[in-house]
Amino acid sequence: MPLWVWIFIVLAAALFGLKLTYVVSTGLVLPITQGAVYVSSSRVRIAAFLDAVPMPAGQLLIDLGCGDGRVLRQARARYDVRAVGYEINPLAYLQARLRCWGLKDVGIRRQNFWRTRLSEADVVFCYLYPDVMGRLSDKLNAELKPGAVVVSCNFALPGWTPAKVVRPGSSLHNDPIFIYKAGAQAPPPPKLTEGLFGR
């Protein structure tokens with residue numbers, strides 16, 4: 001059999017193995033992610049976020065579902081922040097660990113962020129599905145310190161009013177990036193109950 005045939009077979013098998021690993025990794029975490037799959041943020045969107053949210057050196061950035069860690073790496077390089085990413089997809093977690101290997105003050109945790117307190121965060125970044133945004137809104141309201149910044153790609157936080165909405169200049173990546181400040185949300189209106197006015 002010619003050498004090129006063997007090379008083709010090996011490459012095809014490797015690609016099939018990678019695809020199978022991706023499918024299995026995604027399937028393992030679907031009950032936790034509620035259908036969300038690993039989709040990386042484009043460099044254009046990350047740059048737009050970093051332009052819109054300058055961070056003093058030493059601040060803590062937390063990425064909820066950090067994928068391959070690209071947000072953490074770029075924020076660390078640009079602003080010298082401390083950066084922590086949470087990722088439960090095994091394949092994405094391994095990529096993030098490898099790509100962030102040796103970077104000072106960048107940590108990757110294979111841990112469900114719903115079980116983690118976010119009270120130390122100065123900035124929280126997320127690119128999650130709409131199905132979880134209501135629950136995330138409640139978690140952030142309960143845990144973040146006043147003034148902490150929340151950045152959500154594509155999907156708004158229910159009940160929060162954005163301080164700013166950024167749209168990257170690229171026509172391919174022009175979906176909104178919502179930027180919020182914790183503690184700036186108006187309290188919900190009081191619920192009316194029967195008998196409120198003596199009825």
Legend entry - Within the range 104-132, tally of residues that are part of a helix (DSSP H, G or I), of a type outside the set (D, E, K, R) and under 22 Å from Arg45 (Cβ atoms): 3
Legend entry - Any hit, the range 89-103, residues being modelled with pLDDT under 95, part of a helix (DSSP H, G or I), farther than 24 Å from Arg43 by Cα and within 16 Å of the chain's Cα centre (by Cα): no
Legend entry - So Leu157, is it at pLDDT 95 or above and either in contact with a helix residue (DSSP H, G or I) (Cβ under 6 Å, 6 or more places away or on another chain) or more than 24 Å from Ile46 (Cβ to Cβ) (or both): yes
Legend entry - Residue that is nearest to the chain's Cα centre (by Cα) [pool: residues in the range 111-157 that are surrounded by fewer than 17 Cβ atoms within 10 Å (Cβ to Cβ) and without any contact (Cβ under 8 Å) to a residue 24 or more places away in the chain]: Ala156
Inset, instruction - Could you list, in sequence order, all residues of the range 77-103 that are touching a strand residue (DSSP E or B) at 6+ places or on another chain (Cβ under 6 Å) and crowded, with 19+ Cβ neighbours inside 10 Å? - result: Val81, Arg82, Ala83, Val84, Gly85, Tyr86, Ala96, Cys100
Inset, instruction - Give the residue that is surrounded by the fewest Cβ atoms within 10 Å (Cβ to Cβ), with candidates limited to residues of the range 167-180 that are at pLDDT 95 or above and among the aliphatic types (A, V, I, L, M). - result: Ile179
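Conditions (1) under 21 Å from Phe155 (Cβ atoms); (2) touching a strand residue (DSSP E or B) at 6+ places or on another chain (Cβ under 8 Å); (3) basic (Lys, Arg), marked per residue:
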{"residue": "Phe49", "(1), (2), (3)": "yes, yes, no"}
{"residue": "Pro54", "(1), (2), (3)": "no, no, no"}
{"residue": "Cys66", "(1), (2), (3)": "yes, yes, no"}
{"residue": "Ala75", "(1), (2), (3)": "yes, yes, no"}
{"residue": "Asn112", "(1), (2), (3)": "yes, yes, no"}
{"residue": "Arg135", "(1), (2), (3)": "yes, no, yes"}
Inset, instruction - Tell me which of these Leu30 doesn't satisfy, since it passes every other one: (1) within 25 Å of Phe155 (Cα to Cα); (2) among the hydrophobic types (A, V, I, L, M, F, W, C); (3) modelled with pLDDT of 90 or more. - result: (3)
Inset, instruction - Considering each of Asp105, Asp68, Asp80, Asp63 in turn, give the residue that is touching a helix residue (DSSP H, G or I) at 6+ places or on another chain (Cβ under 7 Å) and at positive phi. - result: Asp105
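The values are calculated or read from the model by the stated rules, or taken from the named source; none is laboratory data. The shown structure was predicted, so the numbers you read here are calculated from the model rather than taken from an experiment. Note that each Cβ is placed from the backbone with ideal geometry, even for glycine, and that neighbours are counted across all protein chains shown.
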